[in-house]
Amino acid sequence: MSLGKLLERILQLLPVLLGVSLIVFAMMALTPGDPVQIMIGDQSVTPEQEAALRRDLGLDRPIHERFFLFVTDAVRGDFGESFYHRRPVADVIAERLPATIELSLVALIVALATAIPLGVLAAIRKNSVLDRLATVGSLLGVSLPGFWFGILLMMLFAVHLQILPVSGRIGYSSEIVPITGFLLVDTLLRGNLSAFWDALSHIILPAITLGLPMTAILMRVTRTSMLEVLRQDYVTFAEAKGLSRRRVLFRHALKNALIPTVSVAAIETGSLLGGNMIVETVFGWPGLGRLVVESIFLRNYPLVQAAVLFYAVTYVLLNFAADLLYTALNPRVKL
Amino acid sequence: MSAPLLDVRGLRTVFETRAGTVCAVDGVDVSVHRGECLGIVGESGSGKSVTFASVMGLVKSPGRIEAGTILLDGCDLRGLTPKQMRAVRGKDIAMTMQDALTALNPALTVGEQIAEVFDAHDYTLPRRGSARARAIRDKSAEMLGLVGIPSAESRLRQYPHEFSGGMRQRIMIAIALACRPKLLIADEPTTALDVTIQAQVLELITEIRARLGMSVVLITHDLGVVAEHCDRVMVMYAGQVIEEGPTAEVIAQPQHPYTRGLLASIPRPALRGQPIRPIEGQVPDLIGLPPQCRFYSRCPLHRDACLAPVAMRSAGPNRRVRCILSGEPVE
């Protein structure tokens, strides 16, 4: 990967970001509901006070002017102030981000750790009971809505069996002073094992819920590509060399079969961002997704705009990572 | 004559399909002697590749070996466990495939693909550690050198796509020969290559065969290749052997009408300007074959007696033919 190519990718990002900002800006402006009215609520204020607030938030200017201001400020790294928190948007987002990243990473690990072995097994034992179960399961996995599946899990494990907590990120008794913001890491760094188990027990259900559609998709991709690879001459040739079954399956077949799986996984990781909003709301997870949902209800324009920009950048970077991984796994391709 | 290296008797390999049971190999007897090169000729679907996939134990579901014995050096390969069979594959019997581009794994370096054969079969290597790794690397480089790839040491780190077609074929041969097998099965070794490279690859196989004293089975549909490189030839048609004998004799005096047809359909410089004479008709469907001679429908000489099952007949010393018009019945 040359520096020029890297630069090219970064430049490609610019029109995407501009387009995304424009769309979000327009959609927020077109959505009914006035942030000033929402902020005032039931309080009685004079028209002068209301106008002052409007001016204070910059909402008295026409929309094209607001967009221009937003873009010029954003270029300098200033995303404005959250209407609700009255603090810079970037700070508010940064506070919530670790929780979301942690949840997404655990969901990703859960998805990869179940999808790849299941996909491989289903391919090796094609048309077996296991294969059929996995196929039906993956269909369910893609079609079950996250909020419903999440509540189902919650009812079973938290309400009936009472072996896992209902919601939140960690119990009150286990709260610790953060270091990295990732609780699973911080509890270990502080040597507090009981807090680590507490955090782990909180993250399991939301991570499974968030990772379910991804697990289903990755399992199917792995199964299909594994079946494809097992038909290849090089697998027969590897068998003709008298190699162990394990070596044929994992070194020869899986290495090739994982190429599509890994690229799809990198792209699908972007979809975890969208899933986060629902799952975080269902499980009371204090992350970015829930913050965005709340901000949409409050018509907290600056926060929604910045968060969506953040999603867009992440998505594009993940696609880029998918390309890089594809190259790393497939020696025939050079970027 | 000493016992053959490979002795296959009454091999029957079938594939279960929705349309019925396909009998791809039907009662085939093959013997390969030490140091000889046996050519197997036949068109696509004649069962030549399946016969040797059966020998290698590489027939995959929905296919299975239904009957027959496969003796290698007196040991029945069909009686071996999968693990024991893996110890034979790649060590005693090795195989090359038609197209090296698809037979070599695109995601692994050439060095690794050679090294793993030594790793699986070579018990003379140091047990473990860097000494083992070094010994394997040296042996791998030596194999690449043996098949004529220059600066082998550095090329071990390259991937198959970084080599030319002829080079890849040589690499595949190097892999097959790594553990000095007693028998090499070369399945259409030249089909995917252009003519000049074809000659080089065949020369290489012939030369290494002489040097290592191994036996070679050359599966091909090119009678020219057989004429030049094989001591004996076996012609297959629709899952059966229909003619067998020393190459020179079979080509000079083919006994079976199918063999004659094959030889007549080769373009020759002497017959320039005349149309090529193909064999009319098509190979019969291998599902639910009638007991008659399988070449009946295409044979210019067929008669009513051909509608009965035809057994192999003797046609002189070391020659056999499956046609009632030639040879004599064997007891």
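The values are calculated or read from the model by the stated rules, or taken from the named source; none is laboratory data. Keep in mind it's a predicted model, so treat the numbers as computed, not measured. When we count neighbours, we look across all protein chains shown, and the Cβ atoms used for this are built from the backbone with ideal geometry, even at glycine. Areas reflect the complete protein model, heavy atoms only, side chains present, ligands, DNA and RNA absent. Shrake-Rupley method; radii C 1.70, N 1.55, O 1.52, S 1.80 Å.
For chain A, the solvent-accessible area with a 1.4 angstrom probe is 52 square angstrom per residue. Counting Cβ atoms of other protein chains within 10 Å of each residue's Cβ and taking the mean over peptide B:103-111 gives 6. Each of the peptides A:27-38, B:309-320 was scored by the mean count of other Cβ atoms within 10 Å over its residues; in descending order, highest first, they stand as B:309-320, A:27-38.
Interface A-B: total buried accessible area of about 2200 Å², 1.4 Å probe, protein heavy atoms only. Using a Gaussian network model of chain A in which every pair of alpha carbons under 10 angstrom is joined by a spring, one finds that among A:K126, A:K255, A:K241 the greatest mean-square fluctuation is at A:K241.
Taking every residue in B:171-178 and counting other chain Cβ atoms within 10 Å of its Cβ, the average works out to 1.
The trypsin sites (Lys or Arg not before Pro) of the range B:1-56 that meet both conditions, a loop assignment by DSSP and at most 16 other Cβ atoms within 10 Å of the site Cβ, are B:R18, B:R34. Of the residues making up the range B:128-170, those losing 40 Å² or more of accessible area when the isolated chain is joined by the remaining protein chains, with a 1.4 Å probe, are B:H161.
Under the criterion of Cα pairs below 8 Å and six or more residues apart, the relative contact order for chain A equals 27 percent. Couplings 3J(HN,Hα) for the range A:253-258, derived from phi with the Karplus relation 6.51 cos²θ - 1.76 cosθ + 1.60 (θ = phi - 60°), are 7, 5, 4, 7, 5, 6 Hz, where x marks Gly and Pro. Gain on full extension, evaluated as 0.36 nm per residue between B:T17 and B:R127 minus their Cα-Cα distance, stands at 35.0 nm. When both bridge partners sit in the protein assembly as shown, DSSP labels roughly 65% of those beta bridges antiparallel.
With a 1.4 Å probe and all protein chains left in place, how much accessible area per residue does chain B have, in Å²? Solvent-accessible surface per residue comes out at 45 Å².
Give me the extension gain from B:S44 to B:R272: residue separation times 0.36 nm, minus the current Cα-Cα distance, reported in nm with one decimal. Full-extension gain reported as 79.4 nm. Note: relative contact order over chain B, using C-alpha pairs below 8 Å and six or more positions apart, is 20 percent. Here the peptides B:196-208, A:193-205, B:89-101 are ranked by packing, the mean other Cβ count within 10 Å, and the order with the highest first is B:89-101, A:193-205, B:196-208.
Averaged over the residues of peptide A:245-255, the number of Cβ atoms from other protein chains lying within 10 Å of each residue's Cβ is 2.
Here the accessible area of the range A:89-329 is 70 percent carbon and sulfur, with a 1.4 angstrom probe and all protein chains present. The amide H of B:S215, built 1.01 Å from its N in the peptide plane, has B:G35, B:L183, B:L184 as neighbours under 5 Å, considering only residues 5 or more places off or on other chains. Amide H contacts of A:W285: A:G168, each under 5 Å away and 5 or more positions distant or on a separate chain (H built 1.01 Å from N in the peptide plane; Pro and chain starts excluded). When each of the peptides A:259-266, B:280-287, A:170-177 is scored by how many other beta carbons lie within 10 Å of its residues on average, the order from highest to lowest is A:259-266, B:280-287, A:170-177. Here the 3J(HN,Hα) profile of the range A:320-330, calculated from phi with Karplus coefficients 6.51, -1.76 and 1.60 at θ = phi - 60°, is 4, 4, 4, 4, 4, 5, 4, 5, 5, 7, 10 Hz, Gly and Pro shown as x. GNM remark for chain B: springs join alpha carbons under 10 Å apart, and the peak mean-square fluctuation among B:R180, B:R134, B:R294 falls on B:R134.
Helix screen, chain B: DSSP H segments with Cα axial length of 15 Å or more and mean Kyte-Doolittle hydropathy at least 0.5 are B:165-177, B:195-212. Here's the list of aspartates and glutamates a cross-link from B:K139 could span, going by alpha-carbon distance under 19 Å and ignoring same-chain residues fewer than 8 apart: B:D92, B:E112, B:E116, B:D119, B:D122, B:E153.
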